[in-house]
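The values are calculated or read from the model by the stated rules, or taken from the named source; none is laboratory data. Please read these numbers as outputs of a predicted model, since none were measured by experiment. Because the Cβ atoms are built from the backbone with ideal geometry, glycine has one as well, and the counts that use them run over all protein chains shown.
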Amino acid sequence: MSLVNDSVLAERTVRAAEGADFAEVRDYFELLKPRVMSLVVFTALVGLVRAPAELHPVLAFTALLCIAVGAGASGALNMWWDADIDARMSRTANRPIPAGRIEPGEALSFGLVLASGSVLMLGLFVGLFAAALLAFTIFFYVVIYSMWLKRWTPQNIVIGGAAGAFPPMIGWTAATGTVGIESLLLFLIIFFWTPPHFWALALLKKDDYARAGVPMLPVVAGDGETRRQIVLYSLILAPLGVAPALFGYAGTTYGVASALLGGAFLLSAFDVWRRGEGKAAVAAARRLFGFSILYLFLLFAILLAEPLIG
Amino acid sequence: MNDKPEGIVLTEEQRRRRRARSIAIALVLAGLAILFYVVTIVKIGPQILNRPL
(Lines give C-alpha, C1' and ligand atoms only; values in the text may rest on other atoms or scores of the structure.)
Protein backbone atom coordinates (compact mmCIF):
# COMPACT_ATOMS: atom_id res chain seq x y z
CA MET A 1 0.00 0.00 0.00
CA SER A 2 1.36 3.37 -0.94
CA LEU A 3 1.69 5.89 1.85
CA VAL A 4 2.62 8.65 -0.59
CA ASN A 5 0.44 11.68 -0.32
CA ASP A 6 -1.10 12.42 -3.74
CA SER A 7 -0.51 16.16 -3.58
CA VAL A 8 3.19 15.70 -2.72
CA LEU A 9 3.55 13.26 -5.63
CA ALA A 10 1.87 15.68 -8.03
CA GLU A 11 4.10 18.53 -6.88
CA ARG A 12 7.27 16.48 -7.38
CA THR A 13 6.07 15.30 -10.80
CA VAL A 14 5.62 18.90 -11.92
CA ARG A 15 9.07 19.83 -10.59
CA ALA A 16 10.68 16.97 -12.50
CA ALA A 17 8.91 17.99 -15.69
CA GLU A 18 10.19 21.53 -15.28
CA GLY A 19 13.79 20.41 -14.87
CA ALA A 20 16.21 19.30 -17.58
CA ASP A 21 14.36 16.99 -19.94
CA PHE A 22 15.74 13.47 -20.18
CA ALA A 23 17.46 12.89 -23.50
CA GLU A 24 16.36 10.17 -25.89
CA VAL A 25 18.78 7.62 -27.35
CA ARG A 26 18.53 9.34 -30.73
CA ASP A 27 19.82 12.60 -29.18
CA TYR A 28 23.07 10.87 -28.24
CA PHE A 29 23.19 9.36 -31.72
CA GLU A 30 22.73 12.83 -33.18
CA LEU A 31 25.75 14.03 -31.17
CA LEU A 32 27.85 11.64 -33.26
CA LYS A 33 27.00 13.55 -36.49
CA PRO A 34 25.86 10.36 -38.25
CA ARG A 35 26.00 11.82 -41.76
CA VAL A 36 29.62 12.90 -41.36
CA MET A 37 30.32 9.54 -39.73
CA SER A 38 28.92 7.64 -42.73
CA LEU A 39 31.28 9.51 -45.10
CA VAL A 40 34.20 8.81 -42.75
CA VAL A 41 33.37 5.08 -42.62
CA PHE A 42 33.01 4.95 -46.39
CA THR A 43 36.35 6.64 -47.15
CA ALA A 44 38.12 4.60 -44.45
CA LEU A 45 36.69 1.43 -46.00
CA VAL A 46 38.16 2.44 -49.37
CA GLY A 47 41.56 2.96 -47.71
CA LEU A 48 41.29 -0.49 -46.12
CA VAL A 49 40.18 -2.27 -49.29
CA ARG A 50 42.75 -0.60 -51.60
CA ALA A 51 45.65 -1.21 -49.22
CA PRO A 52 48.06 -3.87 -50.53
CA ALA A 53 47.70 -6.02 -47.41
CA GLU A 54 45.15 -8.46 -46.08
CA LEU A 55 43.42 -7.76 -42.80
CA HIS A 56 41.19 -10.39 -41.19
CA PRO A 57 37.53 -9.39 -41.79
CA VAL A 58 36.82 -9.24 -38.05
CA LEU A 59 39.80 -6.94 -37.50
CA ALA A 60 38.81 -4.86 -40.54
CA PHE A 61 35.32 -4.50 -39.06
CA THR A 62 36.83 -3.55 -35.69
CA ALA A 63 39.06 -0.96 -37.36
CA LEU A 64 36.07 0.59 -39.16
CA LEU A 65 34.03 0.57 -35.96
CA CYS A 66 36.83 2.34 -34.07
CA ILE A 67 37.24 4.92 -36.85
CA ALA A 68 33.46 5.49 -36.90
CA VAL A 69 33.26 5.89 -33.13
CA GLY A 70 36.34 8.14 -33.13
CA ALA A 71 34.67 10.33 -35.78
CA GLY A 72 31.47 10.34 -33.72
CA ALA A 73 33.43 11.35 -30.62
CA SER A 74 34.92 14.28 -32.58
CA GLY A 75 31.39 15.29 -33.56
CA ALA A 76 30.17 15.19 -29.95
CA LEU A 77 33.15 17.21 -28.71
CA ASN A 78 32.68 19.70 -31.55
CA MET A 79 29.00 20.11 -30.59
CA TRP A 80 30.00 20.60 -26.95
CA TRP A 81 32.47 23.34 -27.85
CA ASP A 82 30.32 25.03 -30.51
CA ALA A 83 26.96 24.96 -28.67
CA ASP A 84 26.89 28.78 -28.47
CA ILE A 85 27.48 29.15 -32.22
CA ASP A 86 25.03 26.36 -33.06
CA ALA A 87 22.29 28.11 -31.09
CA ARG A 88 22.60 31.18 -33.35
CA MET A 89 22.47 29.37 -36.70
CA SER A 90 19.20 28.08 -38.18
CA ARG A 91 20.93 24.99 -39.62
CA THR A 92 22.20 23.88 -36.20
CA ALA A 93 19.85 25.47 -33.62
CA ASN A 94 17.97 22.19 -33.11
CA ARG A 95 21.07 20.16 -32.24
CA PRO A 96 20.75 18.35 -28.88
CA ILE A 97 22.78 20.83 -26.78
CA PRO A 98 21.41 24.18 -28.02
CA ALA A 99 17.90 22.67 -28.00
CA GLY A 100 18.41 21.79 -24.31
CA ARG A 101 17.93 18.03 -24.70
CA ILE A 102 21.48 17.20 -23.57
CA GLU A 103 23.58 19.05 -21.00
CA PRO A 104 26.99 20.32 -22.29
CA GLY A 105 28.82 18.33 -19.59
CA GLU A 106 27.09 15.12 -20.70
CA ALA A 107 28.19 15.69 -24.30
CA LEU A 108 31.75 16.38 -23.15
CA SER A 109 32.04 13.19 -21.12
CA PHE A 110 30.25 11.18 -23.83
CA GLY A 111 32.76 12.45 -26.43
CA LEU A 112 35.81 11.90 -24.22
CA VAL A 113 34.81 8.35 -23.31
CA LEU A 114 34.14 7.44 -26.95
CA ALA A 115 37.36 9.11 -28.14
CA SER A 116 39.60 7.33 -25.64
CA GLY A 117 37.72 4.03 -26.04
CA SER A 118 37.99 4.02 -29.84
CA VAL A 119 41.70 4.91 -29.85
CA LEU A 120 42.47 2.32 -27.17
CA MET A 121 40.54 -0.41 -28.98
CA LEU A 122 42.15 0.37 -32.35
CA GLY A 123 45.61 0.33 -30.74
CA LEU A 124 45.04 -2.95 -28.89
CA PHE A 125 43.27 -4.86 -31.64
CA VAL A 126 44.56 -3.48 -34.92
CA GLY A 127 47.73 -1.39 -34.69
CA LEU A 128 49.42 1.36 -32.74
CA PHE A 129 50.21 3.53 -35.77
CA ALA A 130 46.57 3.53 -36.94
CA ALA A 131 45.49 4.33 -33.37
CA ALA A 132 47.96 7.21 -33.17
CA LEU A 133 46.59 8.59 -36.46
CA LEU A 134 43.02 8.30 -35.17
CA ALA A 135 43.98 10.09 -31.93
CA PHE A 136 45.69 12.84 -33.95
CA THR A 137 42.62 13.19 -36.20
CA ILE A 138 40.31 13.62 -33.19
CA PHE A 139 42.74 16.13 -31.66
CA PHE A 140 43.04 17.99 -34.96
CA TYR A 141 39.28 18.26 -35.46
CA VAL A 142 38.42 19.21 -31.88
CA VAL A 143 41.37 21.35 -30.79
CA ILE A 144 42.99 22.71 -33.97
CA TYR A 145 39.81 23.16 -36.03
CA SER A 146 36.91 23.64 -33.57
CA MET A 147 38.68 25.43 -30.72
CA TRP A 148 41.30 27.39 -32.61
CA LEU A 149 40.78 27.90 -36.35
CA LYS A 150 36.99 27.99 -36.74
CA ARG A 151 36.41 31.31 -34.96
CA TRP A 152 39.73 32.87 -35.90
CA THR A 153 40.46 32.64 -39.63
CA PRO A 154 38.61 32.28 -42.95
CA GLN A 155 41.17 29.55 -43.69
CA ASN A 156 39.40 27.49 -40.97
CA ILE A 157 37.94 24.84 -43.25
CA VAL A 158 41.02 24.75 -45.52
CA ILE A 159 43.37 23.67 -42.70
CA GLY A 160 40.64 21.97 -40.67
CA GLY A 161 39.73 19.93 -43.76
CA ALA A 162 42.73 17.75 -42.98
CA ALA A 163 40.70 16.14 -40.18
CA GLY A 164 38.14 14.91 -42.71
CA ALA A 165 40.90 13.76 -45.07
CA PHE A 166 42.63 11.42 -42.61
CA PRO A 167 40.09 8.50 -42.49
CA PRO A 168 41.19 6.73 -45.73
CA MET A 169 44.77 7.05 -44.49
CA ILE A 170 43.79 5.50 -41.14
CA GLY A 171 42.05 2.66 -43.00
CA TRP A 172 45.14 2.13 -45.13
CA THR A 173 47.42 2.23 -42.08
CA ALA A 174 45.19 -0.25 -40.22
CA ALA A 175 45.81 -2.76 -43.02
CA THR A 176 49.47 -2.06 -43.83
CA GLY A 177 50.93 -0.49 -40.70
CA THR A 178 52.44 2.32 -42.81
CA VAL A 179 51.38 5.44 -44.71
CA GLY A 180 51.82 4.90 -48.45
CA ILE A 181 51.88 7.49 -51.25
CA GLU A 182 48.56 6.01 -52.40
CA SER A 183 46.88 6.88 -49.10
CA LEU A 184 48.50 10.31 -49.25
CA LEU A 185 46.78 10.84 -52.62
CA LEU A 186 43.41 9.90 -51.10
CA PHE A 187 44.15 12.36 -48.28
CA LEU A 188 44.97 15.13 -50.77
CA ILE A 189 41.80 14.52 -52.81
CA ILE A 190 39.57 15.05 -49.74
CA PHE A 191 41.79 17.90 -48.50
CA PHE A 192 41.39 19.90 -51.73
CA TRP A 193 37.73 18.89 -52.11
CA THR A 194 36.79 20.38 -48.73
CA PRO A 195 37.17 24.13 -49.52
CA PRO A 196 34.97 24.25 -52.66
CA HIS A 197 32.43 21.98 -50.93
CA PHE A 198 32.15 24.07 -47.75
CA TRP A 199 32.46 27.44 -49.45
CA ALA A 200 29.54 26.54 -51.74
CA LEU A 201 27.55 25.93 -48.54
CA ALA A 202 28.95 29.10 -46.95
CA LEU A 203 27.75 31.15 -49.96
CA LEU A 204 24.24 29.84 -49.23
CA LYS A 205 24.43 30.25 -45.43
CA LYS A 206 26.52 33.42 -45.25
CA ASP A 207 24.03 35.30 -43.04
CA ASP A 208 23.91 32.40 -40.59
CA TYR A 209 27.69 32.36 -40.25
CA ALA A 210 27.84 36.17 -39.93
CA ARG A 211 25.21 36.10 -37.15
CA ALA A 212 27.19 33.42 -35.31
CA GLY A 213 30.44 35.37 -35.72
CA VAL A 214 32.17 32.60 -37.67
CA PRO A 215 34.69 34.18 -40.10
CA MET A 216 33.81 32.06 -43.13
CA LEU A 217 35.37 33.31 -46.37
CA PRO A 218 32.15 34.88 -47.83
CA VAL A 219 31.60 36.75 -44.53
CA VAL A 220 35.16 38.11 -44.33
CA ALA A 221 36.27 38.47 -47.97
CA GLY A 222 32.92 38.61 -49.80
CA ASP A 223 31.14 36.39 -52.30
CA GLY A 224 33.38 37.37 -55.25
CA GLU A 225 36.61 36.30 -53.56
CA THR A 226 34.95 33.10 -52.36
CA ARG A 227 33.89 32.21 -55.90
CA ARG A 228 37.42 32.89 -57.16
CA GLN A 229 38.90 30.64 -54.45
CA ILE A 230 36.35 27.91 -55.26
CA VAL A 231 37.60 27.89 -58.85
CA LEU A 232 41.28 27.88 -57.76
CA TYR A 233 40.80 24.90 -55.45
CA SER A 234 38.72 23.10 -58.09
CA LEU A 235 41.58 23.57 -60.57
CA ILE A 236 43.85 21.70 -58.14
CA LEU A 237 41.20 19.10 -57.24
CA ALA A 238 40.27 17.98 -60.76
CA PRO A 239 43.79 16.72 -61.75
CA LEU A 240 44.37 15.39 -58.21
CA GLY A 241 41.24 13.29 -58.60
CA VAL A 242 42.78 11.61 -61.66
CA ALA A 243 46.21 11.19 -60.01
CA PRO A 244 45.60 7.69 -58.53
CA ALA A 245 45.11 6.42 -62.12
CA LEU A 246 48.09 8.39 -63.47
CA PHE A 247 50.36 6.95 -60.77
CA GLY A 248 49.09 3.46 -61.56
CA TYR A 249 47.29 2.91 -58.26
CA ALA A 250 43.85 2.80 -59.89
CA GLY A 251 42.61 1.36 -63.16
CA THR A 252 41.28 2.73 -66.45
CA THR A 253 37.68 2.81 -65.22
CA TYR A 254 38.69 5.10 -62.38
CA GLY A 255 40.91 7.18 -64.68
CA VAL A 256 38.15 7.88 -67.21
CA ALA A 257 35.44 8.41 -64.59
CA SER A 258 37.58 10.72 -62.45
CA ALA A 259 38.53 12.80 -65.52
CA LEU A 260 34.87 13.20 -66.52
CA LEU A 261 33.76 13.92 -62.95
CA GLY A 262 36.63 16.39 -62.48
CA GLY A 263 35.58 18.16 -65.68
CA ALA A 264 32.00 18.38 -64.46
CA PHE A 265 33.23 19.68 -61.08
CA LEU A 266 35.26 22.39 -62.84
CA LEU A 267 32.28 23.39 -65.00
CA SER A 268 30.10 23.64 -61.91
CA ALA A 269 32.75 25.73 -60.12
CA PHE A 270 33.11 28.07 -63.13
CA ASP A 271 29.33 28.37 -63.22
CA VAL A 272 29.36 29.58 -59.59
CA TRP A 273 32.12 32.07 -60.48
CA ARG A 274 30.31 33.34 -63.62
CA ARG A 275 26.85 33.84 -62.11
CA GLY A 276 27.67 36.64 -59.68
CA GLU A 277 24.72 37.76 -57.56
CA GLY A 278 21.04 36.87 -57.58
CA LYS A 279 18.87 33.78 -57.74
CA ALA A 280 20.94 32.14 -60.48
CA ALA A 281 24.06 32.48 -58.30
CA VAL A 282 22.30 30.83 -55.36
CA ALA A 283 21.13 27.99 -57.60
CA ALA A 284 24.68 27.54 -58.97
CA ALA A 285 26.16 27.37 -55.45
CA ARG A 286 23.48 24.86 -54.45
CA ARG A 287 24.27 22.75 -57.54
CA LEU A 288 28.00 22.79 -56.76
CA PHE A 289 27.37 21.81 -53.13
CA GLY A 290 25.19 18.88 -54.18
CA PHE A 291 27.53 17.80 -56.97
CA SER A 292 30.60 18.00 -54.72
CA ILE A 293 29.08 15.31 -52.47
CA LEU A 294 28.25 13.13 -55.48
CA TYR A 295 31.76 13.70 -56.90
CA LEU A 296 33.57 12.47 -53.81
CA PHE A 297 31.14 9.60 -53.31
CA LEU A 298 31.56 8.38 -56.90
CA LEU A 299 35.38 8.66 -56.87
CA PHE A 300 35.61 6.54 -53.73
CA ALA A 301 32.82 4.17 -54.83
CA ILE A 302 34.71 3.43 -58.06
CA LEU A 303 37.94 2.90 -56.10
CA LEU A 304 36.04 0.47 -53.90
CA ALA A 305 34.35 -1.37 -56.77
CA GLU A 306 37.30 -1.53 -59.18
CA PRO A 307 39.06 -4.52 -57.56
CA LEU A 308 35.76 -6.40 -57.62
CA ILE A 309 35.12 -5.62 -61.30
CA GLY A 310 38.71 -6.60 -62.11
CA MET B 1 8.44 8.47 10.61
CA ASN B 2 8.47 10.49 7.44
CA ASP B 3 6.43 8.82 4.64
CA LYS B 4 7.03 11.54 2.06
CA PRO B 5 9.05 10.40 -1.01
CA GLU B 6 12.61 11.66 -1.27
CA GLY B 7 14.04 13.16 -4.43
CA ILE B 8 12.43 13.86 -7.76
CA VAL B 9 9.55 11.80 -9.10
CA LEU B 10 9.92 11.21 -12.84
CA THR B 11 7.14 11.62 -15.35
CA GLU B 12 6.03 8.65 -17.45
CA GLU B 13 7.85 10.10 -20.48
CA GLN B 14 11.07 10.51 -18.52
CA ARG B 15 10.81 6.94 -17.25
CA ARG B 16 10.34 5.71 -20.84
CA ARG B 17 13.38 7.64 -22.04
CA ARG B 18 15.54 6.40 -19.17
CA ARG B 19 14.52 2.83 -19.93
CA ALA B 20 15.33 3.28 -23.63
CA ARG B 21 18.78 4.65 -22.70
CA SER B 22 19.40 1.76 -20.31
CA ILE B 23 18.49 -0.76 -23.03
CA ALA B 24 20.79 1.02 -25.51
CA ILE B 25 23.70 0.88 -23.03
CA ALA B 26 23.00 -2.82 -22.37
CA LEU B 27 23.01 -3.58 -26.11
CA VAL B 28 26.28 -1.68 -26.64
CA LEU B 29 27.93 -3.52 -23.74
CA ALA B 30 26.71 -6.89 -25.01
CA GLY B 31 27.99 -6.02 -28.49
CA LEU B 32 31.38 -5.05 -27.09
CA ALA B 33 31.62 -8.26 -25.06
CA ILE B 34 30.92 -10.33 -28.18
CA LEU B 35 33.37 -8.28 -30.26
CA PHE B 36 36.14 -8.62 -27.66
CA TYR B 37 35.55 -12.38 -27.53
CA VAL B 38 35.64 -12.80 -31.31
CA VAL B 39 38.68 -10.52 -31.74
CA THR B 40 40.54 -12.48 -29.07
CA ILE B 41 39.86 -15.74 -30.91
CA VAL B 42 40.97 -14.18 -34.22
CA LYS B 43 44.15 -12.71 -32.70
CA ILE B 44 45.13 -16.01 -31.09
CA GLY B 45 44.26 -17.82 -34.33
CA PRO B 46 44.90 -21.56 -34.78
CA GLN B 47 47.20 -21.45 -31.75
CA ILE B 48 44.10 -21.58 -29.58
CA LEU B 49 43.89 -25.35 -30.17
CA ASN B 50 47.63 -25.86 -29.65
CA ARG B 51 47.90 -26.05 -25.87
CA PRO B 52 48.97 -28.74 -23.41
CA LEU B 53 46.08 -30.71 -22.05
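Would you check if there is a residue in segment A:183-203 being under 25 Å from residue A:221 (Cα atoms), under 12 Å from the mean Cα position of the chain (by Cα) and among the small types (Gly, Ala, Ser)?
no
Among the residues in segment B:44-53, are any at positive phi and either surrounded by 13 or more Cβ atoms within 10 Å (Cβ to Cβ) or modelled with pLDDT under 90 (or both)?
There is at least one residue in segment B:44-53 that is at positive phi and either surrounded by 13 or more Cβ atoms within 10 Å (Cβ to Cβ) or modelled with pLDDT under 90 (or both).
Looking at segment A:122-135, which of its residues are in a helix (DSSP H, G or I), crowded, with 19+ Cβ neighbours inside 10 Å and over 19 Å from the mean Cα position of the chain (by Cα)?
A:122, A:125
Any residue that is buried (at least 16 other Cβ atoms within 10 Å of the Cβ), within 18 Å of the chain's Cα centre (by Cα) and in the same structural domain as residue A:173 (by TED's automatic domain parsing) - is there at least one of those in segment A:97-106?
No, because not a single residue in segment A:97-106 is buried (at least 16 other Cβ atoms within 10 Å of the Cβ), within 18 Å of the chain's Cα centre (by Cα) and in the same structural domain as residue A:173 (by TED's automatic domain parsing).
Where the second residue is of a type in the set (Ser, Thr, Tyr) and surrounded by 13 or more Cβ atoms within 10 Å (Cβ to Cβ) and the first is closer than 22 Å to residue A:42 by Cβ and lies in segment A:279-298, which pairs have Cβ atoms under 6 Å and are six or more apart or on separate chains?
The qualifying pairs are A:288/A:268; A:291/A:268.
Confirm whether residue A:206 is in contact with a Pro (Cβ under 9 Å, 6 or more places away or on another chain), surrounded by fewer than 19 Cβ atoms within 10 Å (Cβ to Cβ) and either within 30 Å of residue A:49 (Cα to Cα) or of a type in the set (D, E, K, R) (or both).
yes
Among the residues of segment A:143-166, are any surrounded by fewer than 17 Cβ atoms within 10 Å (Cβ to Cβ) and either farther than 30 Å from residue A:217 by Cα or not assigned by TED's automatic domain parsing to the domain that holds residue A:42 (or both)?
Scanning segment A:143-166, I find no residue that is surrounded by fewer than 17 Cβ atoms within 10 Å (Cβ to Cβ) and either farther than 30 Å from residue A:217 by Cα or not assigned by TED's automatic domain parsing to the domain that holds residue A:42 (or both), so the answer is no.
Suppose we filter A:170, A:85, A:157, A:138 for residues that are aliphatic (A, V, I, L, M), assigned to a helix (DSSP H, G or I), within 15 Å of the chain's Cα centre (by Cα) and within 30 Å of residue B:17 (Cβ to Cβ); which single one remains?
Residue meeting the stated conditions: A:138.
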